[in-house]
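Data first, discussion second: the structure below is written as structure tokens.
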């Protein structure tokens, strides 16, 4: 994304989030959870003796085991702007995002 992408999000007040149930592949979410859990376990092994850090990581790991009742929203950061446009077009074509929301 880089600094220009971050600047665009902040100055345009525009960030696209998608409910995880509407991702086009359930494997995307499962892989993300797996990678996050692997990183948490690695950090737990490195943080022996740092109680606050361990407590935070253990809490985060619990959240990954059982997602919140109201769901999980995800965000995709693309290095190529047209990739994001392609994904948005796909969501509109499937009726996931109403076309009218694109022009709010």
Full extension from residue 63 to residue 89: what is 0.36 nm times the residue separation minus their Cα-Cα distance, to one decimal in nm?
6.2 nm
Suppose the chain between residue 96 and residue 74 were pulled fully straight at 0.36 nm per residue; how much longer would it get relative to their current alpha carbon spacing?
6.5 nm
Determine the gain in length on full extension of the stretch residue 20-residue 34; use 0.36 nm per residue of separation and subtract their C-alpha separation, reporting nm with one decimal.
3.5 nm
Approximate spin-label separation residue 4-residue 48, in nm, with each point projected 7 Å along Cα-to-Cβ:
4.7 nm
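No value in this document is a laboratory result; all are computed from the given coordinates. The structure presented is a predicted model; accordingly, all values stated were derived computationally and were not measured. Every residue, glycine as well, gets a Cβ built from its backbone with ideal geometry; the counts of neighbours run over all protein chains shown.
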